[in-house]
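J.: Below are the structure tokens for one structure; questions will follow.
Please treat every number below as a calculation from the coordinates, not as lab data. The shown structure was predicted, so the numbers you read here are calculated from the model rather than taken from an experiment. Glycine gets a Cβ as well: all are built from the backbone with ideal geometry, and neighbour counts include every protein chain shown.
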Amino acid sequence: MFISVLDLFKIGIGPSSSHTMGPMVAAKDFRGRCAAYIADQPADQPYHVRCTLKGSLAFTGKGHATDRAIILGLNDFTPQELAKEDVNKLVEQLSHRTAIEFYSSRSMLFSPTNDIVFDKGEPLPEHPNGMIFQLMDAIGKTVLTETYFSIGGGFITTLAEINQLVAPIKMEDTHSCGYPFENANQMMRMSRQSGFSVAAMKRSNEQERISEEKLNTGLDAIWDAMQTCIQNGLTGEGLLPGGLKVKRRAKSLCHQLQENPQMATMNDWLCAYAMAVNEENAAGHLVVTAPTNGAAGVIPAVIYFAVKHQGVTHEQVRDFLLVAAAIGGLIKHNSSISGAEVGCQGEVGSASAMAAAGLCAIKGGTTEQIENAAEIALEHHLGMTCDPVGSLVQVPCIERNGFGAIKAYTAASLAMRGDGQHFMSLDNCIAAMKQTGLEMSVKYKETSLGGLAVSVTEC
């Protein structure tokens, strides 16, 4: 099993990897298919495009900016190229257009208000995050259609592909990399047999596909984006968009810690850094999926604290990201990182496990201690629901990232105090998370139909 660190960590925009970044990628893909189809048709034939959102995308898409993502994708934008743009201004301009233009001077009609349909009926059976795109001719006949699924972390798949995926990754030949571990037990066995660390095995697998220079450049770009996100969040002020009137707190919290450093604890700093990231995410700004947008603050906060307060080196940051990606790949392969599939245990829980493993690795932990650290962090997120208030990635998501970072640090510290031997394996914990997600009510899987989302008292 192989999933690249450069795919797991994606630079893009908030507020959601599955509800914003994934749909944008899907819309851009369908745009390309439409352009190819229309190019072969008579020039005077008008066409019309429509997108129907299903399941979780329909229920929380408004708060997660799914409609904005569809507009941007159909207009040929990607999350990566929008990371430093004024997205609000761009969406405002595009929303007033009535057609999608192609480079060939051809176009298709598109009215965001009428042609993005939030269908809150039965979800598609294959996955809770479904999108049906249609290209229609002048009499309303569908001439081209595609169904996409946003499967977490900004990844998408089509209807034809989804049944070929394994939870839910396209599988590569197990001989396609030197250390093809598909679970944590295999990872530990390969490490013992080879004498290589988790970071070294992951790096070796990556470099069978890209050069060392490209890998390091990619890792550095990820870390630079994470740092920028934290720094932007620590200077941001005001209310977050969406109507809940949630006030940004990271800047004030950081200022308090700087004013009275002798009273500042590690937990305080971790919360400040994590909340800074997720406030930026909630604002729709630059963010890195780690492994999702909703959990984007955990890993950057743990690394930033280690760099700023403990003198961790640049090379150690690279190793941290490689180890975190190795663990994230195992979770995505054997369970899910999608809140719409398994609840927040798959988002913040996965991020905390990845961060714990990365931190343990750069502190000199053995492969067994790394596996233990990831298991501890994930175990103590099992059953966590995804029930965002107002369909927005704000309450409880922002604070939850701070606690995920704290749990990650605690898990790494506890694992380092042991010898790597423990009762519950990471593989069993991942399996438990998957089963818990399958049995979890849809009300608690990013639909805002239960839990905290319906427990707000209006005064």
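J.: Are any of the pairs Lys28/Lys434; Lys54/Lys443; Lys28/Lys54 more than 24 Å apart by Cα-Cα distance, and if so, which? If you can, show how the numbers build up before the last one.
T.: Details: Lys28/Lys434 31 Å; Lys54/Lys443 15 Å; Lys28/Lys54 18 Å.
Over 24 Å apart, Cα to Cα: Lys28/Lys434.
J.: Taking Lys245 as the anchor, which aspartates and glutamates have their alpha carbon closer than 19 Å to its alpha carbon, excluding any fewer than eight residues away along the same chain?
T.: Qualifying aspartates and glutamates at Cα under 19 Å: Glu237, Glu279, Glu280, Asp387, Glu399, Glu458.
J.: Within 10 Å of each residue's Cβ, count the other Cβ atoms and sort Ile210, Ile376 from fewest upward.
T.: Numbers: Ile210 14, Ile376 26.
Placing the least packed residue first, the sequence is Ile210, Ile376.
J.: Arrange Ser425, Ser16, Ser56 by Cβ neighbour counts within 10 Å, fewest through most, would you? Walk me through the numbers before you get to the answer.
T.: Values: Ser425 16, Ser16 37, Ser56 30.
Listing Ser425, Ser16, Ser56 from fewest to most nearby Cβ atoms yields Ser425, Ser56, Ser16.
J.: Related question: Going by average Cβ neighbours within 10 Å, how do the peptides 312-321, 408-417 rank, with the highest at the top?
T.: Details: 312-321: 19.3, 408-417: 21.7.
Descending packing order for the listed peptides: 408-417, 312-321.
J.: Give a quick list of trypsin sites (Lys or Arg not before Pro) in the stretch 242-285 that DSSP marks as loop, anything other than H, G, I, E or B, with at most 10 other Cβ atoms within 10 Å. Intermediate values should be presented prior to the final figure.
T.: On the way: sites: Lys245, Lys247, Arg248, Arg249, Lys251; in loops: Lys245, Arg248, Arg249.
For trypsin sites (Lys or Arg not before Pro) across the stretch 242-285 that sit outside H, G, I, E and B with at most 10 neighbouring Cβ atoms in 10 Å, the list reads Lys245.
J.: Further question on the same structure: Once you sort the root eigenvalues of the Cα gyration tensor of the stretch 1-116 as a ≥ b ≥ c, which label holds: rounded (a/c under 1.5), prolate (a/b larger than b/c) or oblate (the other case)?
T.: On the way: a/c = 1.76, a/b = 1.47, b/c = 1.20.
Prolate is the answer for the stretch 1-116, as a/c is 1.5 or above and a/b outweighs b/c.
J.: Which order do the peptides 31-44, 283-296, 439-452 come out in when sorted by mean C-beta neighbours inside 10 angstrom, highest first? It would help to have the intermediate numbers written out before the result.
T.: Numbers: 31-44: 13.2, 283-296: 29.9, 439-452: 18.9.
Averaged packing, sorted descending, gives the order 283-296, 439-452, 31-44.
J.: OK, next. Among the listed pairs Lys62/Lys84; Lys308/Lys332; Lys120/Lys445, which are separated by more than 19 Å between their Cα atoms?
T.: Values: Lys62/Lys84 22 Å; Lys308/Lys332 30 Å; Lys120/Lys445 15 Å.
Among Lys62/Lys84; Lys308/Lys332; Lys120/Lys445, the Cα-Cα distance tops 19 Å for Lys62/Lys84; Lys308/Lys332.
J.: Would you calculate the separation in nanometres between label points at Asn267 and Phe423, each defined as 7 Å from the Cα along the Cα-to-beta-carbon direction?
T.: The modelled label-to-label distance comes out at 2.4 nm.
J.: Only bridges with both residues in the chain count here: give the DSSP antiparallel percent, nearest 5.
T.: Once the DSSP bridges in the chain are tallied, antiparallel ones form about 85 percent.
J.: Given just the C-alpha atoms of the stretch 174-454, how large is their convex hull per residue in cubic angstrom? If you can, show how the numbers build up before the last one.
T.: Numbers: hull volume 34.2 nm³, N = 281.
Value for the stretch 174-454: 122 Å³ per residue.
J.: For Cys386, Cys51, what's the fewest-to-most ordering of other Cβ within 10 Å of each Cβ?
T.: Details: Cys386 32, Cys51 25.
Neighbour counts put them in this order, fewest first: Cys51, Cys386.
J.: Answer rounded, prolate or oblate for the stretch 274-413, using the Cα gyration tensor with square roots of eigenvalues a ≥ b ≥ c: rounded when a/c is under 1.5, else prolate when a/b is larger than b/c, else oblate. All intermediate terms of the calculation are to be shown ahead of the outcome.
T.: On the way: a/c = 1.92, a/b = 1.33, b/c = 1.44.
In terms of gyration-tensor shape, oblate.
J.: Starting at the first residue of the stretch 103-113, write each ³J(HN,Hα) from the Karplus equation 6.51 cos²θ - 1.76 cosθ + 1.60 with θ = phi - 60°, in whole Hz, x for Gly and Pro.
T.: 5, 7, 6, 8, 8, 9, 5, 7, 10, x, 5
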